[in-house]
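Comments concern the structure below.
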Amino acid sequence: MTARLPWGYDLIHFEEIDSTMDEARRQAAKGVSGPLWIMADRQTKGRGRRSRTWESGAGNLLCTLLINPGIAAAEAAKLSFLTALCVGETLDHFLGAAHRVRLKWPNDVLLDGRKAAGILLESVSGGGGMTEWLAIGIGINLARHPEPAPASPDAAPSWPAISLRAAGVEPPPAPETALEVLAARFDAWLALWRQQGFAPVRPAWLARAARFGEPIEVRLDKETLPGIFTALDESGALVLTLADGTVRMISAGDVFFPEQH
C-alpha cells in the first residue's frame, strides 16, 4: 500500500533504516528541499528529544517531513506546536472523538493521559539566521507501545505509553493510512501558518493543552519548579506562575504532573 499525499509532496518509504531523521539530513545534504515525507517500517536508531531512544515497534507510524519553511530558526521551532495539533487531529480521526487527546508541552501527544506520539525537530540555519531546511520527526503508536522500564531510584519517572490499539481501536490503522491523514492535516495547517503565522496555532494548541491552568512541575537541568501553567507566550515558551506569584518563562524543560513521583 502506498500513502496518497497532498499535491506537491513526495514520499520515500523504507522497510528498515537507521532513522527517518538521519535520512532527512542525508537528503538535505544532497540538496533536496522537500516537501518530502520519509517513512520507515522499522528504525534501528530511532530517537526522541535529548537523544532519548524512540522505540520503533512494527505497525507504528515512523516518519519525518523534510521542508524548507523559508523562515527564521526561532519561528521554525514553533512548528512543533503545529505538528502536535496535526498529530492530535490524526488520532481524533481514528478514535472518533477529540476529548481523549491532549498535548503536553512542549511536543508530546497524550491519549487518555498516556504518551501516544512524540515529535522531534532538527534544522540547519544559513546566512541571516534563516532556516535552510527543517526535519520534523513524528512517531505515533498505532499497533503497539513500549512497556515501562524498571524503576530506578536515580532516574526520572518515565511517561506511561499507549497505542491506538490499546485505546480500543481494533484493528489499528495501517501506518500508510495514518500518514495520509497526518499529511492532509499538516498541509492544511501549514497553509494557515503561511498566511497568519503562529497566531491561529497558539489558541488551538492551548485548547488541547494538558493541565492548562492547573499545577504542574517543570524539571530543568539544575532546578525543579512547581507552579501553575498559566499561558503559552508568542515564542512558544510555557508561562509558569510560582506559589509566591513569580512568573517564569520556560523555553526548555520536562513537564510532569504532581501525582508523578
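Numerical summary
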quantity	calculated
Residue list for the stretch 128-147, filter: surrounded by fewer than 24 Cβ atoms within 10 Å (Cβ to Cβ) and under 11 Å from A161 (Cα atoms)	R144, H145, P146, E147
Qualifying residue in the stretch 199-217 (condition: over 19 Å from D254 (Cα atoms), touching a helix residue (DSSP H, G or I) at 6+ places or on another chain (Cβ under 9 Å) and charged (D, E, K, R))	yes
Looking only at the stretch 104-127, and only at residues there that are among the aliphatic types (A, V, I, L, M) and more than 9 Å from the chain's Cα centre (by Cα), the one that is surrounded by the fewest Cβ atoms within 10 Å (Cβ to Cβ)	V124
When residues of the stretch 221-234 are limited to those that are hydrophobic (A, V, I, L, M, F, W, C) and over 18 Å from the mean Cα position of the chain (by Cα), the one surrounded by the most Cβ atoms within 10 Å (Cβ to Cβ)	F229
Members of the stretch 220-249 found to be closer than 14 Å to K104 by Cα and touching a residue at least 60 places away in the same chain (Cβ under 8 Å), listed by number	F229, L232, G236, L238
In the stretch 181-220, the residues that are loosely packed, with under 14 Cβ neighbours inside 10 Å, under 28 Å from W37 (Cβ atoms) and not small (G, A, S)	R194, Q195, Q196, P203
Count - residues of the stretch 207-261 that are assigned to a strand (DSSP E or B), over 25 Å from A74 (Cβ atoms) and of a type in the set (A, V, I, L, M, F, W, C)	2
Qualifying residue in the stretch 230-239 (condition: within 25 Å of C63 (Cβ to Cβ) and not assigned by TED's automatic domain parsing to the domain that holds G59)	yes
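The values are calculated or read from the model by the stated rules, or taken from the named source; none is laboratory data. On a predicted model such as this, the values are computed, not experimentally measured, just so you know. Cβ coordinates were reconstructed from backbone atoms using ideal geometry, including for glycine residues, and neighbour counts include every protein chain displayed.
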